[in-house]
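The values are calculated or read from the model by the stated rules, or taken from the named source; none is laboratory data. All values derive from a computational prediction rather than experimental measurement. As a convention, Cβ positions derive from the backbone with ideal geometry for all residues, glycine included, and neighbour counts pool all protein chains shown.
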Amino acid sequence: MIRLNQVSKTFSGSTTPAVDRVSLDVPEGEICVLLGPSGCGKTTTMKMVNRLIEPSSGEILIDGKNTADYDVTQLRRSIGYVIQQIGLFPNKTVEENICIVPDILGWDRAKSRKRAAELLDMVALEPGAFLHRYPRELSGGQQQRIGVLRAIAADPPVLLMDEPFGAIDPINRVIIQDEFLKMQAQIRKTILFVSHDIDEAVKMADRIAIFKDGRLVQYDTPDNILAHPASNFVSDFVGGDRTLKRLQLLTVRDAMMADPPRVRAADTLKQAVATMEEHGHQSIVLVGPRGRARGYVTLQGARGAGGSVGENHETLPTTIRPHEDLRTAVSTMFRHDVSWLACVDEDGMYVGYVTLRGFTRLLSETYRDG
Amino acid sequence: MADGMLPMLAQMRRNGAYLAVFLLGAWAWAGGLLPGLLDKWDDIAFLGWQHVTLVAISGGAAIVVGVPLGVLLTRPRFRRAGDIALQFLNIGATIPTLAVLALSMSLLGIGDSSAIFALFVASLLPIVSNTMAGLRAVPPHLLEAARGMGLSPRHMLLQVELPNALFVIYTGIRTALAINVGTVPLAFLIGGGGLGELIFTGIALNEFGTMLAGAIPTALLAVLIDFILAQLQFWTIPRGVNPLR
């Protein structure tokens with residue numbers, strides 16, 4: 001969808017190029033995060049796409065069409081643009097801000113106003129309360145939400161975002177990032193996203209492009225960048241805890257042992273021990289009549305004891321949902337001092353379990369293969 | 001608490017002002033001043049109209065020329081020229097208006113036209129410099145956002161730059177017209193007419209009443225024009241960028 005082909009930029013008065021022969025291909029509907037230290041050329045690269053900066057050489061194609069062939073304002077109207085300082089126009093209301101591009105594109109007024117209200121709904125801002133407010137009457141987080149809505153108002157296929165959440169406090173940043181990802185799942189824009197924060201990149205990106213001194217040094221999925229950094233620079237930049245960061249990229253479902261053995265309240269402890277020994281497990285989960293996780297028994301506690309599971313089980317310290325990421329899972333394990341967790345779905349049904357050993361094995365797989 | 005106090009204070013101040021005006025009027029009436037002024041009503045009306053005409057023509061021309069000139073001098077291609085112009089404007093602002101009048105007279109001779117020209121020049125400077133200052137103070141990231149969204153230079157000017165600079169531009173116009181109204185009496189000295197005729201005649205003949213017949217309407221006119229502009233400023237600038245609202 002967005003293709004950069006040997007793109008370079010040398011600013012006048014400078015001998016070294018700010019961007020040096022960068023080639024990059026962003027598939028439709030994906031988020032590509034341009035990552036690197038300040039002065040690495042990532043912002044320059046992004047601004048060449050909507051020609052706020054004209055490339056010195058090379059070509060940039062959007063949907064197969066060279067951006068140099070477009071009328072520059074037409075090009076920009078077809079590309080959403082979000083900047084760190086947000087840049088909402090203080091003289092315009094939220095509604096007017098959102099409708100700027102639809103208005104200059106000559107959309108029907110009723111249609112664009114309706115769209116503004118729908119967009120506000122999408123980020124859980126009550127249209128009635130917010131449409132006619134001025135930017136100065138909004139919090140920073142609300143302003144940035146509007147900034148994003150303004151960029152997608154005319155439904156451009158491509159979005160450029162220049163450190164869009166950089167100026168927002170950490171708590172709200174996480175909320176807005178999550179919100180944005182949820183929105184992106186619906187709108188499927190092709191996005192170039194500039195960031196200097198590896199954690200943000202890992203969270204947002206389908207692919208990460210790492211820049212150094214104007215060169216693209218690695219372009220790959222977050223997991224591959226974390227697992228197989230191409231150079232010392234990349235591994236230093238992504239940090240010594242890069243393997244831990246990979247935990248965020250994997251969900252409980254990836255590491256879960258599905259459809260595990262289980263016992264019912266009426267089973268005897270003897271049967272439970274037999275099942276555990278058969279599977280080589282140290283503990284087993286007790287489920288209710290419809291399959292809800294109710295508790296567990298350990299091999300140690302059950303061996304040699306009599307009676308039913310229903311009378312002798314212990315309660316589960318906690319459970320986890322399959323869609324949570326492994327970082328949350330590990331953190332939950334550490335908090336409850338356990339090395340395994342029972343996974344339950346929204347209805348509380350027991351669907352599987354995860355263990356710390358399983359995580360280690362999963363994370364190291366990529367190294368064994370490589 | 002502060003919210004409750006402010007309107008109350010404003011109310012008290014207004015009432016005080018009404019009282020002061022009333023007392024002043026009573027005193028003026030008793031001292032024979034007001035009856036004296038009423039005797040000169042025809043003169044006041046005639047010269048007052050002349051006065052207003054001078055302000056309207058010279059001030060109007062200064063606005064019509066000054067704002068576009070300020071806009072032009074802030075366009076990227078005139079950036080250098082703008083810097084230089086701003087230097088000249090700053091120097092120009094230090095020249096006393098009486099000197100401007102005298103210079104204008106030496107150029108255009110005695111009469112209305114030289115008075116209007118001098119008033120125009122004196123009003124032009126604050127309008128141009130404030131227009132430029134207002135436009136240059138628009139935060140660069142607003143312009144970047146506007147450019148990045150594909151606004152044409154014309155759209156940017158009309159939808160982003162001017163609205164955000166409007167408050168400062170208005171301030172320049174108010175300053176300019178205050179100077180203008182206050183300078184018109186001096187224009188009498190180069191044959192411009194207006195209420196200055198009464199003021200200077202009063203001084204020359206040592207007629208206190210005649211002088212006041214020129215001075216008081218001049219003062220009222222200045223207050224009135226500023227009041228009208230303040231109202232315009234209050235109501236026409238969008239609430240989001242209007243520090244008064």
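At-a-glance table
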read-out: Unique residue being of a type in the set (Lys, Arg), within 14 Å of another protein chain (Cβ to nearest Cβ) and surrounded by fewer than 23 Cβ atoms within 10 Å (Cβ to Cβ) when the list is A:ARG51, A:ARG21, A:ARG115, A:ARG76; value: A:ARG51
read-out: When residues of the stretch A:118-134 are limited to those that are under 29 Å from the mean Cα position of the chain (by Cα) and within 14 Å of chain B (Cβ to nearest Cβ), the one surrounded by the fewest Cβ atoms within 10 Å (Cβ to Cβ); value: A:LEU131
read-out: Residue within the stretch A:186-201 that is buried (at least 20 other Cβ atoms within 10 Å of the Cβ), closer than 28 Å to A:VAL330 by Cα and charged (D, E, K, R) present; value: yes
read-out: Test for B:ASP43: is it closer than 24 Å to B:THR131 by Cα and part of a helix (DSSP H, G or I); value: no
read-out: Residue in the stretch A:87-104 that is in contact with an Asp or Glu (Cβ under 7 Å, 6 or more places away or on another chain), modelled with pLDDT under 95 and either surrounded by 14 or more Cβ atoms within 10 Å (Cβ to Cβ) or under 27 Å from A:ILE2 (Cα atoms) (or both) present; value: yes
read-out: Some residue of the stretch A:298-305 being assigned to a strand (DSSP E or B) and farther than 20 Å from A:VAL252 by Cβ; value: yes
read-out: Some residue of the stretch A:308-318 being in the same structural domain as A:LYS270 (by TED's automatic domain parsing) and within 13 Å of A:VAL252 (Cβ to Cβ); value: yes
read-out: Any hit, the stretch B:227-239, residues being over 15 Å from B:ALA56 (Cα atoms), among the aliphatic types (A, V, I, L, M), within 14 Å of another protein chain (Cβ to nearest Cβ) and outside any helix (DSSP H, G or I); value: yes
read-out: Which numbered condition A:LYS42 fails, given (1) under 24 Å from A:ILE191 (Cβ atoms); (2) at the interface with another protein chain (Cβ under 9 Å from one of its Cβ atoms); (3) of a type in the set (Lys, Arg); value: (2)
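Results for (1) among the aliphatic types (A, V, I, L, M); (2) touching a strand residue (DSSP E or B) at 6+ places or on another chain (Cβ under 9 Å); (3) under 11 Å from A:VAL33 (Cβ atoms), shown as yes or no for each residue.
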residue	(1), (2), (3)
A:ILE191	yes, yes, yes
A:ALA209	yes, yes, yes
A:TYR219	no, yes, yes
A:PHE233	no, yes, no
A:LEU244	yes, no, no
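Residue by residue, here is whether (1) loosely packed, with under 15 Cβ neighbours inside 10 Å; (2) modelled with pLDDT under 90; (3) under 34 Å from the mean Cα position of the chain (by Cα) holds:
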site	(1), (2), (3)
A:PRO289	yes, yes, no
A:GLY306	yes, yes, no
A:ASN312	no, yes, no
A:ILE320	no, no, yes
A:VAL330	no, no, yes
A:VAL344	no, no, yes
A:GLY352	no, no, yes
